[in-house]
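*Asks:* Got a structure here, written out as structure tokens. Questions coming.
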Amino acid sequence: MDSSENRQLAAITFIDIADFSELMHHDESKAVHLLSLQKDIIYPIISIHNGKILKEMGDGLLVSFNSAIQAVQCSIEIQSKIEYIENLNYRIGIHVGDVIIIEKDLFGDGINIASRIQEICKVGEVCISKTVYDAIINHPEMKCTSLGERKLKGISEKIELFKLETTDQSTEKVIIDNTKSIESSSNAKLWLIGLAVSVFIALSI
């Protein structure tokens with residue numbers, strides 16, 4: 001093995017802004033602003049989850065994590081944080097495999113597979129390979145839906161893929177509960193107003 005070669009097993013994560021090239025063509029200032037937001041919002045999240053940015057590729061990021069769980073948790077948090085930011089829409093693909101670093105260049109099937117998984121994601125999705133799924137299967141809070149076996153460009157064998165559920169159910173529940181509280185409060189106010197009117201009429205007779 002070349003002394004300059006460094007090989008490591010990692011949870012490889014590809015993060016890419018959807019339709020960025022089109023946005024850059026129509027509005028360069030907005031596109032550049034998105035890259036600024038990416039550094040301000042996404043980089044700290046990656047750092048919190050102990051991720052390492054291996055390479056920046058224009059609007060895309062190649063990130064490695066020591067575990068699949070870290071990669072999944074980071075990706076879910078990223079998608080939830082950018083949900084309401086206009087034009088900042090990500091496709092994220094995750095795979096566990098080898099990363100080979102030779103004189104600062106990156107190689108390996110693991111990188112290629114993660115990249116291809118990201119490419120078939122829909123906007124806002126996080127898709128993972130079977131190797132990642134096997135690593136998180138004992139964590140029930142990380143819910144997945146099977147997408148079946150898929151043929152990925154440049155990869156000889158089909159790979160079973162899964163889509164991560166990124167919706168925060170607890171947040172939805174709080175919103176629903178707050179709505180019910182507001183409705184109950186409004187009903188109580190109407191009842192009190194009706195009682196006051198009845199008393200006033202009775203005293204006026």
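The values are calculated or read from the model by the stated rules, or taken from the named source; none is laboratory data. These figures come from a predicted structure and were not determined experimentally. When we count neighbours, we look across all protein chains shown, and the Cβ atoms used for this are built from the backbone with ideal geometry, even at glycine. We work out accessible area using only protein heavy atoms, side chains counted, and drop any ligands, DNA or RNA first. Shrake-Rupley method; radii C 1.70, N 1.55, O 1.52, S 1.80 Å.
*Asks:* Being free of Cβ contacts under 8 Å to residues at least 40 places away in the same chain and open to solvent by 60 Å² or more (accessible area, probe 1.4 Å) is the filter here, so list the residues in segment 47-56 that pass it. It would help to see each step written out before you state the result.
*Replies:* We begin by selecting, within segment 47-56, every residue free of Cβ contacts under 8 Å to residues at least 40 places away in the same chain; these are 47-53, 56.
Matches in segment 47-56: 47, 48, 50, 52, 56.
*Asks:* Sticking with this one: Output the residues belonging to segment 83-95 that are under 22 Å from residue 161 (Cβ atoms) and open to solvent by less than 40 Å² (accessible area, probe 1.4 Å). Break it down stepwise before answering.
*Replies:* Applying the first criterion (under 22 Å from residue 161 (Cβ atoms)) to segment 83-95 yields 89-95.
Matches in segment 83-95: 90, 92, 93, 94, 95.
*Asks:* Consider only pairs whose beta carbons are under 8 Å apart and that are at least six residues apart or on different chains; among these, list those whose first residue lies in segment 6-29 and is more than 16 Å from residue 122 (Cβ to Cβ) and whose second residue is assigned to a strand (DSSP E or B) and of a type in the set (Ser, Thr, Tyr).
*Replies:* Here the result reads 8/64; 10/64; 11/64; 12/64; 13/64, each pair linking segment 6-29 to a residue that is assigned to a strand (DSSP E or B) and of a type in the set (Ser, Thr, Tyr).
*Asks:* From the residues in segment 109-123 that are farther than 21 Å from residue 70 by Cβ and outside any helix (DSSP H, G or I), which one is most open to solvent (accessible area, probe 1.4 Å)?
*Replies:* 122
*Asks:* Out of 106, 62, 35, which single residue is open to solvent by less than 10 Å² (accessible area, probe 1.4 Å) and either out of contact with any Lys or Arg (no Cβ under 9 Å at 6 or more places or on another chain) or outside any helix (DSSP H, G or I) (or both)?
*Replies:* Unique residue meeting the criteria: 62.
*Asks:* On the given criteria, is residue 98 closer than 21 Å to residue 7 by Cβ, among the acidic types (Asp, Glu) and open to solvent by 10 Å² or more (accessible area, probe 1.4 Å)?
*Replies:* On the way: closer than 21 Å to residue 7 by Cβ: yes; among the acidic types (Asp, Glu): yes; open to solvent by 10 Å² or more (accessible area, probe 1.4 Å): yes.
So residue 98 passes the test.
*Asks:* Could you list all residues from segment 45-62 that are in contact with a helix residue (DSSP H, G or I) (Cβ under 7 Å, 6 or more places away or on another chain) and charged (D, E, K, R)?
*Replies:* Residue satisfying the conditions is 59 alone.
*Asks:* Of the conditions (1) assigned to a strand (DSSP E or B); (2) open to solvent by 60 Å² or more (accessible area, probe 1.4 Å); (3) of a type in the set (S, T, N, Q), residue 29 clears all except one; give me its number.
*Replies:* Failing condition for residue 29: (1).
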